[in-house]
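Trainee: The structure follows.
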Amino acid sequence: MTSTVPAVANLNKFEKLKAEKDGLAVKAELEHFAQIGWEAMDEADRDHRLKWMGVFFRPVTPGKFMMRMRLPNGIMTSSQMRVLAEVVQRYGDDGNADITTRQNLQLRGIRIEDVPDIFRRFEAVGLTSIQSGMDNVRNITGSPVAGIDADELFDTRELIQQVQDLITNKGEGNPAFTNLPRKFNIAIAGCRDNSVHAEINDIAFIPAYKDERFGFNVLVGGFFSGKRCEAAVPFDVWVAPDDVVALCEALLIVYREHGLRANRQKARLMWLIDEWGVAKLRSEVETQMGRSLEPAALKDEILWDKRDHIGVYAQKQPGLNYLGLHIPVGRLFAADMFDLARLADVYGSGEIRLTVEQNVILPNVPDSRLEPLLQEPLLKKFSVAPAPLSRSLVSCTGSQFCNFALIETKNRAQALIDELEAELDSPNPVRIHWTGCPNSCGQPQVADIGLMGTKVRKDGKTVEGVDIYMGGKVGKDAALGTCVTKGIPCSDLKPVLRDLLMQHFGSTLRQPVAAGS
Ligand code: SRM
Ligand code: SF4
């Protein structure tokens, strides 16, 4: 197949960087980087190519890198969690781990001199962070209760592992997929509640039956960016589970060869769909696969509202339960991580799962172990029954660690929700998502109330503020929310949110609020 990569002179900065040296090449240089230290490293290697190994230079905390894992389907073992805890523990106050909106973990405080040793520890327990940043496929999301949900239609775990193995060559790195035009998101849903936010992925598989055969209808092109946000569109394709890996491979090859590369702002798959139309994309994928694909099933099986899995639930295996623990804004410290690993071992099967709402699930807890587990001190901090507004709070990283951020998010989000929780009785959870800039990592467009960081003028000064999004619908008939109000200074936000919660979500005041508060 002929590549349509433009001539070097027309390449944007990142295409030039990749043409000069593939990102994955730094894998062989990690010992050298560890010896010379971050300040002596070539800047392109340090600031960009290291992301192919999942190691992110943080201009906000120079010398303290972030490491983004790959946890297919958001599932890990207690041994893996312990290794990650040991990694962040050595960095004291600088070390922590955030659960991400892709069912994944990001570690903080990492020193370049430790990276080779960290990778050796990862390998020993089957962890990888490879190809988790830049122009690679991100963590592949799946139903967080795969294999344990009585109502599931398909257990997504093995399939997601197979797709990850293809893309990463079983964690070794796969040069075939390290030079995509841009990032690429894949999600596979096996349940009825669209637990993966299928509509915001470049390719998503949603359950659908055809002539009583189980398979997936396919959506393509969903994405958020600072410039444009689009829900995925139907690909008019149905595939049996056995064809999912081959379809992902073919689509990635077509995208790699034909995706637009001149302008990085217009390089995601949807921009190619704009140029080609869905029918041409499908026919190119069919050519790549060497066979035709079946048209989509007439209906899919996403029939429910989205569940958040917080609480205690019986599994499909009689006598076993899973517990969804609420992790405030997804932030974990080393002590929490060790404790979660211990709880998984003592009460469950040593397995820990993560959700796209940045929470934790402990599966396989026998009925007889439920009571003692619920009495564990960690469950005071990570509750199975959190207050309704905290329960559904999601936040991206924000300015504490992210240099794109226009505002601080996580700490502010939690503090504000605690204050609102004290003032309001709220009958139901309200999904409030904070994101520090228009890149939308915190997915404000899928929220009941989305808050997107911006800069605003107040009293003659530039201050941190938000644009407010509303109307995001998840689960069945998912739809993106839209911006309803622009430029609210964060210092003025509390009464605005309070009013929204009272007007639209049935919250009531516990007692009258003093004017101006
Ligand atoms: Fe994101 C870039 C954090 C999910 C859209 N994202 C970044 C960077 C790497 C920017 C940077 O280098 O500082 C952020 C790292 C900050 C840090 O230190 O933590 C960052 N994104 C995150 C995470 C950690 C947010 C969170 O707190 O959960 C999520 C990590 C997921 C993972 O495990 O891989 C995260 N990012 C998302 C999502 C949500 C999703 O995938 O469902 C989106 C929108 C969906 C999408 O991509 O279509 C998202 N991130 C972006 C974009 C805009 C992409 C674009 O096409 O323009 C950027 C900027 C870029 O890539 O140039 C970005
Ligand atoms: Fe950083 Fe912006 Fe993404 Fe938040 S939304 S993590 S501020 S890039």
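Trainee: Among Gly324, Gly398, Ser349, whose Cα sits farthest toward the positive end of the charge dipole of the stretch 317-414 (+1 at Cβ of Lys/Arg, -1 at Cβ of Asp/Glu, about the Cα centre)?
Mentor: Most positive-ward Cα: Gly398.
Trainee: Relative to the Cα centre, what is the charge dipole magnitude of the chain, using +1 at the beta carbon of each Lys and Arg, -1 at the beta carbon of each Asp and Glu, and rounding to the nearest 20 debye?
Mentor: Working: 61 positive and 67 negative charges, 241 e Å.
With only Lys, Arg, Asp and Glu charged at Cβ, the dipole is about 1160 debye.
Trainee: Starting from the 7 Å offset along Cα-to-Cβ, what nm value, one decimal, do you get for the label separation of Ser349 and Asp236?
Mentor: 4.2 nm
Trainee: Within the stretch 101-120, which residues have the backbone N less than 18 Å from the label spot 7 Å out from Ala40 along Cα→beta-carbon, could you tell me?
Mentor: Inside the label zone: 111-117.
Trainee: Find the cysteines in the chain that fail to meet the 4.7 Å Cβ criterion with every other cysteine, and list them.
Mentor: Taking the Cβ cut-off of 4.7 Å, the unpaired cysteines of the chain are Cys191, Cys229, Cys248, Cys402, Cys437, Cys483, Cys490.
Trainee: Now for a different question. Just check the stretch 393-517 against the gyration tensor rule for me: Cα atoms, a ≥ b ≥ c as the square roots of the eigenvalues, rounded for a/c under 1.5, and otherwise prolate or oblate depending on whether a/b exceeds b/c.
Mentor: Working: a/c = 1.70, a/b = 1.10, b/c = 1.54.
It comes out oblate by the Cα gyration axes.
Trainee: OK, next. If I take R0 = 30 Å and measure r between the Cβ atoms of His32 and Gln317 in this structure, what FRET efficiency does the formula 1/(1 + (r/R0)^6) give, to the nearest 0.05? Can you show the working numbers first?
Mentor: Values: r = 49 Å, r/R0 = 1.63.
Efficiency, rounded to the nearest 0.05: 0.05.
Trainee: Can you give the percent of C-alpha pairs in the chain whose distance is more than 37 Å? Kindly include the intermediate steps, with their values, before the conclusion.
Mentor: Values: 36575 of 133386 pairs.
Of all Cα-Cα pairs in the chain, 27 percent lie more than 37 Å apart.
Trainee: For Lys210, list the lysines whose Cα falls under 16 Å from its own Cα; do not include residues on the same chain fewer than 8 positions away.
Mentor: Lys299
Trainee: Cα centroids of the stretch 243-278 and the stretch 319-375: how far apart, whole angstrom?
Mentor: One Cα centre to the other: 38 Å.
Trainee: Now for a separate question. Debye sum, Cα scatterers, the stretch 229-268, no solvent: what log₁₀ I/I(0) at q = 0.15, 0.26 1/Å?
Mentor: Log-scaled intensity ratios, in q order: -0.50, -1.01.
Trainee: Please list, in order along the stretch 18-27, the HN-Hα scalar couplings obtained from phi with the Karplus expression 6.51 cos²θ - 1.76 cosθ + 1.60 (θ = phi - 60°), rounded to whole Hz, x for Gly and Pro.
Mentor: 6, 5, 5, 7, 5, x, 5, 4, 5, 4
Trainee: How many nm separate the modelled label positions at Val384 and Glu158, each set 7 Å beyond the Cα in the direction of the Cβ?
Mentor: A separation of 3.0 nm, rounded to one decimal place.
Trainee: Convex hull volume of the Cα atoms in the stretch 41-153, per residue, in Å³?
Mentor: Considering the Cα atoms of the stretch 41-153, their hull volume per residue is 110 Å³.
Trainee: Something else about it: How much length is gained on full extension from Glu275 to Ala415, taking 0.36 nm per residue of separation minus their Cα-Cα distance?
Mentor: On the way: separation 140, 0.36 × 140 = 50.40 nm, distance 4.50 nm.
Taking 0.36 nm per residue and subtracting the Cα distance, the gain is 45.9 nm.
Trainee: Describe numerically, in nm with one decimal, the distance between label points set 7 Å from Cα along Cα→Cβ at Ala246 and at Val484.
Mentor: 4.7 nm
Trainee: Another one. In this model, which of Lys13/Lys280; Lys18/Lys227; Lys306/Lys473; Lys64/Lys183; Lys381/Lys494 are farther than 21 Å apart at the alpha-carbon? Intermediate results must be reported in sequence, preceding the final value.
Mentor: Values: Lys13/Lys280 29 Å; Lys18/Lys227 23 Å; Lys306/Lys473 9 Å; Lys64/Lys183 24 Å; Lys381/Lys494 24 Å.
Check vs 21 Å cut-off fails for Lys13/Lys280; Lys18/Lys227; Lys64/Lys183; Lys381/Lys494.
Trainee: Please identify every one of the trypsin sites (Lys or Arg not before Pro) in the stretch 1-109 that sits in a loop by DSSP and has no more than 16 other beta carbons within 10 Å of its own beta carbon.
Mentor: Numbers: sites: Lys13, Lys16, Lys18, Lys21, Lys27, Arg46, Arg49, Lys51, Lys64, Arg68, Arg70, Arg82, Arg90, Arg102, Arg108; in loops: Lys21, Lys64, Arg90, Arg102.
Qualifying residues, ordered by number: Lys21, Arg90.
Trainee: As an exercise, use a Förster radius of 45 Å and the Cβ-Cβ distance of Arg90 and Arg369 to find the FRET efficiency, rounded to the nearest 0.05.
Mentor: Values: r = 32 Å, r/R0 = 0.71.
Computed FRET efficiency for Arg90 and Arg369 comes out at 0.90.
Trainee: Gain in length, Ala422 to Ser79, computed as 0.36 nm per residue apart minus the alpha-carbon separation, to one decimal in nm?
Mentor: Values: separation 343, 0.36 × 343 = 123.48 nm, distance 3.83 nm.
Full extension from Ala422 to Ser79 adds 119.7 nm.
Trainee: Continuing with the same structure: Set the Förster distance to 25 Å, then compute FRET efficiency between Arg291 and Gln265 from the Cβ-Cβ distance, nearest 0.05. It would help to have the intermediate numbers written out before the result.
Mentor: Details: r = 35 Å, r/R0 = 1.39.
It comes to 0.10.
Trainee: Give me the extension gain from Thr462 to Arg213: residue separation times 0.36 nm, minus the current Cα-Cα distance, reported in nm with one decimal.
Mentor: Details: separation 249, 0.36 × 249 = 89.64 nm, distance 5.81 nm.
Here the segment from Thr462 to Arg213 would lengthen by 83.8 nm.
Trainee: Hey, got a sec? Which GluC sites (Glu not before Pro) in the stretch 167-268 land in a DSSP loop and have at most 10 other Cβ atoms within 10 Å? Don't skip to the answer; put the middle values down first.
Mentor: Numbers: sites: Glu172, Glu199, Glu212, Glu230, Glu249, Glu257; in loops: Glu172, Glu212.
Sparse-neighbourhood loop GluC sites (Glu not before Pro): Glu212.
Trainee: Once every DSSP H run of n ≥ 4 in the chain is given -39500 (n - 2.57) and the sum is divided by its residues, what mean residue ellipticity at 222 nm do you get, rounded to the nearest 500 deg cm²/dmol?
Mentor: Numbers: 15 runs with 145 residues, N = 517.
The helix-only estimate for the chain comes to -8000 deg cm²/dmol at 222 nm.
Trainee: Would you please name the trypsin sites (Lys or Arg not before Pro) within the stretch 290-374 that are DSSP coil residues with at most 11 other C-beta atoms within 10 Å of their C-beta? The partial results should precede the final answer.
Mentor: Working: sites: Arg291, Lys299, Lys306, Arg307, Lys316, Arg331, Arg342, Arg353, Arg369; in loops: Arg291, Lys299, Lys306, Arg307, Lys316.
Those that pass, being in a loop and sparsely packed, are Arg291, Lys299.
Only the coordinates and a few stated rules stand behind these numbers; no lab work does. Values in this document were obtained by computation on a predicted structure and should not be read as measured data. Glycine also receives a Cβ, built like all others from the backbone with ideal geometry; neighbour counts cover every protein chain displayed.
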